[in-house]
Amino acid sequence: MNLSSIEIFLAVASERSVTKAARALGRVPSNVTTRIQQLEDYLDVLLFSRDGKKMTLTKEGETFLIYANRLAALALEARQAVRPLRPSGTLRLGTMESTAASRLPAALSQFNQMWPDISLQLTLGASRDLARDVLLDVLDCALIARPPKAMLDEDAGLDAELEQLEAEPVFVEDLLLVLPSGHPSIRSAADLRVGSIAALEPGCTYRRIAESWARQSSILQTTELGSYHAILASVATGNAAGVMPKSVLDLMHWPMTSPTHQLATVDTVLIYRKNDRPSAFNAFQEVLGTTRGRGLRLATN
């Protein structure tokens with residue numbers, strides 16, 4: 001058991017998938033599988049139950065997760081303790097509203113505890129606006145939803161902007177269409193029985209994915225709302241289907257019997273300017289990686 005094994009375990013626990021964990025870690029899936037098996041052999045317990053490609057923590061895995069988080073946090077603390085210079089100054093961080101709500105609380109809390117000398121300025125916005133602000137040096141970094149390649153091919157401006165930035169995968173979101181209670185299950189946009197799609201502002205990647213998908217039907221109208229709570233309220237009227245990531249829906253008091261339809265899996269990436277990594281950014285990047293597993297569990301439990 002070593003820190004690399006702990007990191008891999010936390011990634012699989014976070015993503016509940018070897019394939020998604022491998023993508024987030026920059027490893028091949030076979031390597032992740034082998035390391036998990038070696039860790040289970042060392043501990044002489046099964047940490048995950050396997051159901052096809054889905055990886056679910058066993059009771060022993062839930063217990064080990066507590067200690068794995070402690071070990072990862074302690075390792076980070078030890079690395080920072082022996083560094084001669086402590087980062088300070090201001091970090092201008094941009095993020096989508098959904099990421100701020102479901103993924104960042106654990107990371108921001110630990111970051112504030114470990115680096116009280118860094119002033120963190122948080123800006124909420126749509127992915128496209130955040131990417132532009134990072135490129136223009138309005139923000140140091142941002143967490144955005146990376147559009148699928150087909151969508152980038154249709155948007156040469158955004159594609160050119162992202163080509164000038166570094167993009168590090170951090171989370172994988174399941175993008176859902178939340179349907180009104182009693183709505184029959186759907187296979188395509190042609191099966192929708194509502195008058196519109198409720199989503200955030202036009203620069204939102206999630207909205208653009210949903211609108212592209214909805215072109216298959218006669219529903220071309222999008223109701224623009226300012227929050228995910230407002231989107232669910234619109235769904236409750238029975239006249240709209242709401243667009244949001246599953247991690248946000250899991251945080252909200254919404255009947256679990258209400259039908260949903262998965263539109264896509266979407267990468268959340270940390271973007272920053274090439275060759276521009278201030279010490280405050282490096283500190284945040286490390287804390288984000290350490291708390292990733294805990295952030296997901298808080299969002300889904």
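Going by what's in this entry, would Glu62 be described as out of contact with any Gly (no Cβ under 8 Å at 6 or more places or on another chain), without any contact (Cβ under 8 Å) to a residue 12 or more places away in the chain and open to solvent by less than 40 Å² (accessible area, probe 1.4 Å)?
It is false that Glu62 is out of contact with any Gly (no Cβ under 8 Å at 6 or more places or on another chain), without any contact (Cβ under 8 Å) to a residue 12 or more places away in the chain and open to solvent by less than 40 Å² (accessible area, probe 1.4 Å).
Among the residues of the range 74-93 satisfying the criterion of being outside any strand (DSSP E or B), among the charged types (D, E, K, R) and at pLDDT 75 or above, which is nearest to Val287 (Cα to Cα)?
The selected residue is Glu77.
Please find, among Leu25, Leu3, the residue that is open to solvent by 80 Å² or more (accessible area, probe 1.4 Å), hydrophobic (A, V, I, L, M, F, W, C) and touching a helix residue (DSSP H, G or I) at 6+ places or on another chain (Cβ under 6 Å). The conditions single out Leu3. For the range 183-194, filtered to residues that are part of a loop (DSSP other than H, G, I, E, B) and of a type outside the set (S, T, N, Q), the residue that is surrounded by the most Cβ atoms within 10 Å (Cβ to Cβ) is Leu192.
The set of residues in the range 224-243 being among the hydroxyl-bearing types (Ser, Thr, Tyr) and either within 18 Å of Leu263 (Cα to Cα) or crowded, with 21+ Cβ neighbours inside 10 Å (or both) consists of Tyr228, Ser234. Residues in the range 99-130 that are touching a helix residue (DSSP H, G or I) at 6+ places or on another chain (Cβ under 8 Å), within 21 Å of Glu224 (Cα to Cα) and in a helix (DSSP H, G or I): Ala101, Ser127, Arg128.
Can you find a residue in the range 32-51 that is open to solvent by less than 20 Å² (accessible area, probe 1.4 Å), out of contact with any Lys or Arg (no Cβ under 8 Å at 6 or more places or on another chain) and over 20 Å from Asn2 (Cα atoms)?
For the range 32-51, residues open to solvent by less than 20 Å² (accessible area, probe 1.4 Å), out of contact with any Lys or Arg (no Cβ under 8 Å at 6 or more places or on another chain) and over 20 Å from Asn2 (Cα atoms): absent.
One residue stands out in the range 195-217 among those that are open to solvent by 20 Å² or more (accessible area, probe 1.4 Å) and under 14 Å from Leu176 (Cβ atoms): the one that is modelled with the highest pLDDT, namely Arg207.
Among the residues of the range 260-278, those that are more than 18 Å from the chain's Cα centre (by Cα) and closer than 18 Å to Pro87 by Cα comprise Asn275, Asp276, Arg277, Pro278.
The values are calculated or read from the model by the stated rules, or taken from the named source; none is laboratory data. This is a predicted model, so every value here is computed, not measured. Here Cβ is always computed from backbone atoms with ideal geometry, including for glycine, and neighbour counts include all displayed protein chains. Side chains are part of the model used for accessible areas, which takes the heavy atoms of the whole protein and leaves out ligands, DNA and RNA. Shrake-Rupley method; radii C 1.70, N 1.55, O 1.52, S 1.80 Å.
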